[in-house]
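Presented below is the structure to which this report refers.
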Amino acid sequence: MTDKLPQIYFYIPQNDWSAGELPESINTYWQWQCSINGGRGIYNWTLQTYLHLKADEFPCELVGTIPSEGIVIAHRDSLPDNLQPGAKLLLVCILGDKARHPYAQLHTVQNPREEMLLWPFWKSEYIRFWPQPGLLPRSATRGDRFENIAFVGRDRELASELLDSSWQEQLKALGLRWQMVSRDRWHDYREIDAVLAVRDFNSQKDYSWKPASKLINAWHAGVPAILGRESAFHLERKSELDYIEINSLQEALAALQRLRNDAQLRRAMIDNGRIRSQESHPAKLVAQWRNFLTDVAVPDYNRWCKASNLTRHTFLIRRDLDIKTQGMRSQIRRVRGKITAPVKSLVAQVKGT
C-alpha cells in the first residue's frame, strides 16, 4: 500500500531548527534533547515520532516549510492560527496540551478523555505519548530496598504541599528521602524506589488534556507509582496494582507507609507494571502511528482532494462558526450550572424529608 501513499511530512518551522543540528536517529534523540534549552512539544512529539517512523522505514519526510500538497503532521505550537489548508493539503495537528487548531482537518490527542470532549466537527484520534526516551530502569541491585521517593517532572506541575520543606521532613521521619529529579535526569530511574506525582490536591479538574506519562514511565522503569486523581490515569487503570491513587497529603503519607512495610505489594506492582508497559512499547506506538496515517489520514486526504470547492469552503465556515460560538456556549454552561446546582440541592432536601 505504501507505493500509493501521498507525500507525508512532519513539519517543524525552519526557525526551530536553530536549536542545533537535529538528531538523525531516535537513539541519539534524548542526548540531543538534553543538550538544548528546554524540551518543547514540537520536538517531543513531532521530531520523536518522525524518527521512530523513519527507523521503521515508513515513507515520510521532515520539512521546515509547509508544502502546498500532501499530508502535514505538526505540533499545535508550529501551526499559525490563520493557516487554512488548500485543496490538496491535509493538516494533522498534534494537540498535546494546547487548544485545537481552527482549521486542521485532523487532530491527535494524548488523552482519550480529550477525544470525547472535542466537538462533532473536530475529528481526532487518540495516540499514546512516547515513553521516556533513553530510559534507565531501576537497578536490580537495589533489591527490596525502599528509600528514595522521586518526582520526575517540572516543579510547576507539582502540588505546593510537596514543594514545602516540611514534606521532606515528614518523609525523613518515615526513613525515606524525597528527590526532585532535574530535567537532564528524567530518564534515570536506577536509584528510584517509587515515584509520587500530584498536580493539585484541591483541584476539581480531571486534566483531560494531560497524558498518562508519569504512570507509563513508572511501568517501564520498574517502580511503583503514587499518583493524583487524573483522567489519563483512570483510563489506563485495569487493577489496583497499576498505581496507588491519593487525594490528600495524609493519603500520600499513608501510601508510602504501606509500600514501605509491604515488600510483597511492591514486587507485585513492579511485576504488573512490566506487563502493562508492553502496551506502550515503542514498536506498538509505531504500529499505531502507521495505522493512523494509512487508515485514517490518507482516506481523509483523498476525500478532501476529491471534494468540491463548495464542500471545502463549507468545512472552513463551520470551523469559523464553531470557534466564534465557543465563548457563548461556555457562558451558557456556566449559567446553567449556577441554576441547576441549587435546584438539585433543593430536590435532594425534599427527597430526604
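Summary table
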{"item": "Helix-only CD estimate at 222 nm, as mean residue ellipticity for the chain, using -39500 (n - 2.57) per DSSP H run (n ≥ 4)", "result": "-11500 deg cm²/dmol"}
{"item": "Size of segment 182-340 as Cα extents on the principal axes (Å, biggest first)", "result": "67, 48, 31"}
{"item": "Relative contact order computed over the chain (Cα-Cα under 8 Å; 6+ residues apart), in percent", "result": "16"}
{"item": "Filter on LYS54/LYS284; LYS98/LYS238; LYS214/LYS284; LYS98/LYS205; LYS98/LYS210 - keep pairs with C-alpha separation over 20 Å", "result": "LYS98/LYS238"}
{"item": "Alpha-carbon centroid distance for the pair segment 179-239 / segment 8-67, whole angstrom", "result": "25"}
{"item": "Inter-label distance, nm, simple model (7 Å from Cα along the C-beta direction), SER160/ARG290", "result": "5.0"}
{"item": "Within the accessible area of segment 100-184 (1.4 Å probe), percent carbon and sulfur", "result": "49"}
{"item": "Neighbour-limited loop hits for chymotrypsin sites (Phe, Trp or Tyr not before Pro), segment 144-192 (at most 10 other Cβ within 10 Å; DSSP other than H, G, I, E, B)", "result": "none"}
{"item": "Cα gyration tensor, segment 73-225 - rounded (a/c under 1.5), prolate or oblate", "result": "prolate"}
{"item": "Those GluC sites (Glu not before Pro) in segment 231-308 that DSSP places in a loop and that have at most 15 other beta carbons within 10 Å", "result": "GLU240"}
{"item": "Accessible area of segment 15-96 belonging to carbon and sulfur atoms, whole % at 1.4 Å probe", "result": "43"}
{"item": "Accessible surface of segment 246-326, 1.4 Å probe, proportion on carbon and sulfur as whole %", "result": "54"}
{"item": "Loop-located trypsin sites (Lys or Arg not before Pro) in segment 198-278, at most 13 other Cβ atoms within 10 Å (DSSP)", "result": "LYS205, LYS238"}
{"item": "Tensor-based shape of the chain (alpha-carbon gyration tensor, a/c under 1.5 rounded, otherwise prolate or oblate)", "result": "oblate"}
{"item": "Accessible area in square angstrom per residue, the chain, 1.4 angstrom probe", "result": "51"}
{"item": "For segment 110-183, the spread of Cα positions along each principal axis, largest first, Å", "result": "54, 31, 21"}
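The values are calculated or read from the model by the stated rules, or taken from the named source; none is laboratory data. Nothing here was measured: the structure is a model prediction, and the numbers come from that model. Ideal geometry is used to build each Cβ from the backbone, glycine not excepted, and the neighbour counts take in all protein chains shown. Remember, those area values only see protein heavy atoms, side chains included, never the ligands or the DNA or RNA. Shrake-Rupley method; radii C 1.70, N 1.55, O 1.52, S 1.80 Å.
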